[in-house]
1. Could you list, in sequence order, the residues of the range 28-39 that are crowded, with 21+ Cβ neighbours inside 10 Å and either in contact with a Cys (Cβ under 7 Å, 6 or more places away or on another chain) or touching a residue at least 40 places away in the same chain (Cβ under 8 Å) (or both)?
2. Has the range 44-61 got at least one residue that is within 14 Å of the ligand (Cβ to nearest atom), surrounded by 15 or more Cβ atoms within 10 Å (Cβ to Cβ) and under 26 Å from Glu140 (Cα atoms)?
3. Output the residues belonging to the range 176-207 that are within 19 Å of Val156 (Cα to Cα) and either in contact with a helix residue (DSSP H, G or I) (Cβ under 6 Å, 6 or more places away or on another chain) or hydrophobic (A, V, I, L, M, F, W, C) (or both).
4. Run down Ala200, Ala237, Ala193 and say which single residue is within 15 Å of the ligand (Cβ to nearest atom) and more than 26 Å from Gln20 (Cα to Cα).
5. Quickly run through the range 86-119 and pick out the residues that are in contact with a Ser or Thr (Cβ under 6 Å, 6 or more places away or on another chain), outside any loop (DSSP other than H, G, I, E, B) and surrounded by 22 or more Cβ atoms within 10 Å (Cβ to Cβ).
6. Of all residues in the range 28-43, which are within 14 Å of the ligand (Cβ to nearest atom) and within 20 Å of Met182 (Cα to Cα)?
7. Do we find a residue being more than 9 Å from the ligand (Cβ to nearest atom), hydroxyl-bearing (Ser, Thr, Tyr) and buried (at least 22 other Cβ atoms within 10 Å of the Cβ) anywhere in the range 242-251?
8. Give the range 147-194 a look and list any residue that's out of contact with any strand residue (DSSP E or B) (no Cβ under 7 Å at 6 or more places or on another chain), among the hydrophobic types (A, V, I, L, M, F, W, C) and within 20 Å of Leu235 (Cβ to Cβ), or say none.
Amino acid sequence: MNTPTLPALGLGTFRLKDQQVIDSVRTGLELGYRHIDTAQIYGNEAEVGQALAESGVARDALFVTTKIWTENLSRDKLIPSLKESLQKLRLEQVDLTLIHWPSPQDALPVADYLQTLAEAKAQGLTRLIGISNFTIAHMEQAIAAVGADQIATNQVEIHPFLQNRKLIEYARTQGIHLTAYMPLAYGRVMQDATLLEIAARHGVSAAQVALAWSLQQGFAVIPSSTRRENLASNLAAGKISLSDAEMSAIAALDRGERLANPDFAPAWD
Ligand SMILES: NC(=O)c1ccc[n+]([C@@H]2O[C@H](COP(=O)([O-])OP(=O)(O)OC[C@H]3O[C@@H](n4cnc5c(N)ncnc54)[C@H](OP(=O)(O)O)[C@@H]3O)[C@@H](O)[C@H]2O)c1
């Protein structure tokens, strides 16, 4: 069986529910997205599954990610919860399953739930496994538990205002791929003067520049949108090539602005 690679441009579905998520996924698939990112906690796996089934896109052309919620990390819950996700998604196997967050307060050891996730992979429930919101310390434990080559990606918040350099450097030394979530800083990139200026120079939008900046560093990006025109332009961001000077100008925008920081978040790097 071919090991699927993680498509660099994916479609996020956080916050999107009911008809809105069905419409977003349907339009995204029409436009050419093939990588869809959902999670147990988003409460939309069934609607994502419906949109996938109704699209007529061949299963082997799709790359579907879900994430195990913190309440399902224990050995007795993880695999049954993934089976439930598969049922909702109407799939026999997802392409990628992530641990959504490290166990809050590290109540459960990383090695335990990573090994259970590896077991889910061995059972054929998921083609790839990975992690999300893992700090360097958590990544070290994950690597010790299952090996870096088993970890398809660490999905973390990265955008021009939170560049996460320490974590990125560590991931690079270990050969671990990164996926940038909230790559548009939830729409805030549209107001930044530097990004707007670079965008004007290329005749594109600030959102596209932010996505190109992540893609050019080798990260996958998973922007979300409810609008066809935004979905289409985000997908086209892969065609933009930023100069070294433009990449440096964007590097200077880092201000450690973290948008996803729930009370159970780990101690960030
Ligand atoms: N692993 C995790 O813990 C985690 C946490 C957060 C997010 N995520 C994943 O990352 C995905 C992306 O994050 P996100 O949805 O929170 O934020 P985001 O993708 O950074 O931003 C989405 C916002 O930007 C707007 N937008 C999208 N494209 C645009 C464009 N071309 N021009 C102007 N505005 C645009 C959208 O509005 P419109 O609908 O009006 O276009 C929406 O309000 C999520 O959907 C989820 O799948 C994962």
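FYI, it's all coordinate maths here, none of it is from the lab. Keep in mind that this is a model prediction, so the values were computed, not measured. Note: ideal-geometry Cβ built from the backbone for every residue, glycine included; neighbour counts use all protein chains shown.
1. Gly28, Tyr33, His35, Asp37, Thr38, Ala39, listed by residue number.
2. no
3. Selection gives Ile176, Leu178, Ala180, Met182, Pro183, Leu184, Ala185, Val189, Ala207.
4. Values: Ala237 fails: more than 26 Å from Gln20 (Cα to Cα); Ala193 fails: within 15 Å of the ligand (Cβ to nearest atom).
Exactly one residue qualifies, and that residue is Ala200.
5. If the condition is that a residue be in contact with a Ser or Thr (Cβ under 6 Å, 6 or more places away or on another chain), outside any loop (DSSP other than H, G, I, E, B) and surrounded by 22 or more Cβ atoms within 10 Å (Cβ to Cβ), then Val94, Leu96, Thr97, Leu98 are the ones that fit.
6. Gly28, Tyr33, His35, Ile36, Asp37, Thr38, Ala39, Gln40, Ile41, Tyr42, Gly43
7. no
8. Correct list: Met190 only.
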